[in-house]
Amino acid sequence: MASKALYTLQDVGYAYDDGHPVLEGINLTINAGEKVALLGANGSGKSTLLRLLDGLLFPRQGTIAFDGQELTEAHLEDEGFFLAFRRRVGFVFQDSEAQLFNPSVREELAFGPLQLELPAAAVKERVDSLLDLLGLADLADRPPHKLSGGERKKVALGSVLASNPEVLLLDEPTAGLDPRSQRWLVEMLVQLNQAGKTIITATHDLAVVPVIADRVFVLGEDHRLAAAGPPREILAERELLMRVNLIDAAFHEHHHQGYFHLHAH
């Protein structure tokens, strides 16, 4: 049975107001239920592409369609479309602190469902379930800004999951996390995908790509799509990885327990 196209991007380009290009000529399709990694060096346009997929920015050229409906400012100004889209798509930002603003973890998890006008009893049930799932029950009444980096990342993820979106967009989710928190997050993303969610992750962390992605789109420093394919094939293309500035000649790679590791000599 063929997978359903969820996102379709045709000749998408984006530039800042000063005309500096961020993305150029991007053509790609993401299917429902996929795990996808947007891979590229810092400044390649990964975060901008995520924001386009979330309807926070809009292409200066080309089109983006979500489930057959073009993502435009006009469509997102329609309240019905806006609410339906926000119910289906959630964004976990790289900087958790920028995403968290409520006085307690419990209130942070409840914020999204309340904005979507879910009944109070349903919100409480969902929040309690997430506190248990994410191991945050003992921190429920703590201010998020007083938590560790790994704990804040869990709260940020939980605040998005609370609205039960079909699609999760994540910007450099492993950045700044200790190894234990990284592994927890990666395993959680795999579990969420197995539960049917589409996972789209922007990263330059090659170590996690084989686990968090079934397909990889590589952005070059020219802000164009440099390659696409299964993670093992992409990560085996040393010349490609050097060309897009993800590795250099002083590094080599090997595989261990499903992760791709780089070591400097």
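The residues in region 73-109 that are more than 15 Å from the chain's Cα centre (by Cα), among the charged types (D, E, K, R) and surrounded by 13 or more Cβ atoms within 10 Å (Cβ to Cβ) can be counted, and the count is 5. The listed residues are V123, V190, V155, and the only one of them that is part of a helix (DSSP H, G or I), more than 26 Å from I212 (Cβ to Cβ) and among the hydrophobic types (A, V, I, L, M, F, W, C) turns out to be V123. Evaluating L118 against the criteria (1) closer than 21 Å to L177 by Cα; (2) part of a loop (DSSP other than H, G, I, E, B) leaves one unmet condition, (1).
A Cβ distance below 6 Å, combined with a sequence gap of six or more or placement on separate chains, defines the contacts here; from region 226-248, residues that are touching a residue at least 60 places away in the same chain (Cβ under 8 Å) and over 19 Å from G45 (Cβ atoms) reach no residue that is part of a strand (DSSP E or B) and of a type in the set (S, T, N, Q).
Quick grid of which residues meet (1) at pLDDT 95 or above; (2) farther than 19 Å from A227 by Cβ; (3) in contact with a strand residue (DSSP E or B) (Cβ under 6 Å, 6 or more places away or on another chain):
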{"position": "G19", "(1), (2), (3)": "no, yes, no"}
{"position": "E24", "(1), (2), (3)": "yes, no, yes"}
{"position": "I30", "(1), (2), (3)": "yes, no, yes"}
{"position": "K35", "(1), (2), (3)": "yes, no, yes"}
{"position": "A41", "(1), (2), (3)": "no, no, no"}
{"position": "R51", "(1), (2), (3)": "yes, yes, no"}
{"position": "A65", "(1), (2), (3)": "yes, yes, yes"}
{"position": "E77", "(1), (2), (3)": "no, yes, no"}
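Count of region 147-159 residues, restricted to those that are surrounded by fewer than 22 Cβ atoms within 10 Å (Cβ to Cβ) and touching a strand residue (DSSP E or B) at 6+ places or on another chain (Cβ under 9 Å), is 0.
In the set (1) of a type outside the set (V, I, T); (2) part of a loop (DSSP other than H, G, I, E, B); (3) within 19 Å of G45 (Cβ to Cβ), A202 fails one condition alone, (2).
Conditions tested, residue by residue: (1) farther than 30 Å from N245 by Cβ; (2) β-branched (V, I, T); (3) part of a loop (DSSP other than H, G, I, E, B).
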{"position": "N42", "(1), (2), (3)": "no, no, yes"}
{"position": "T48", "(1), (2), (3)": "no, yes, no"}
{"position": "L52", "(1), (2), (3)": "no, no, no"}
{"position": "L57", "(1), (2), (3)": "no, no, yes"}
{"position": "A65", "(1), (2), (3)": "yes, no, no"}
{"position": "A74", "(1), (2), (3)": "yes, no, no"}
{"position": "F82", "(1), (2), (3)": "yes, no, no"}
{"position": "R87", "(1), (2), (3)": "yes, no, no"}
{"position": "F91", "(1), (2), (3)": "no, no, no"}
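Picking from residues in region 225-239 that are within 15 Å of T29 (Cα to Cα) and not aliphatic (A, V, I, L, M), the one that is surrounded by the most Cβ atoms within 10 Å (Cβ to Cβ) is G229. Based on what the data block shows, is E79 out of contact with any Pro (no Cβ under 8 Å at 6 or more places or on another chain), of a type outside the set (G, A, S) and at positive phi? No, not satisfied. When region 1-14 is filtered for residues that are small (G, A, S) and either buried (at least 22 other Cβ atoms within 10 Å of the Cβ) or modelled with pLDDT of 95 or more (or both), only G13 remains.
The values are calculated or read from the model by the stated rules, or taken from the named source; none is laboratory data. Predicted model, so just to flag it, every value in this text is computed and none were measured. Ideal geometry is used to build each Cβ from the backbone, glycine not excepted, and the neighbour counts take in all protein chains shown.
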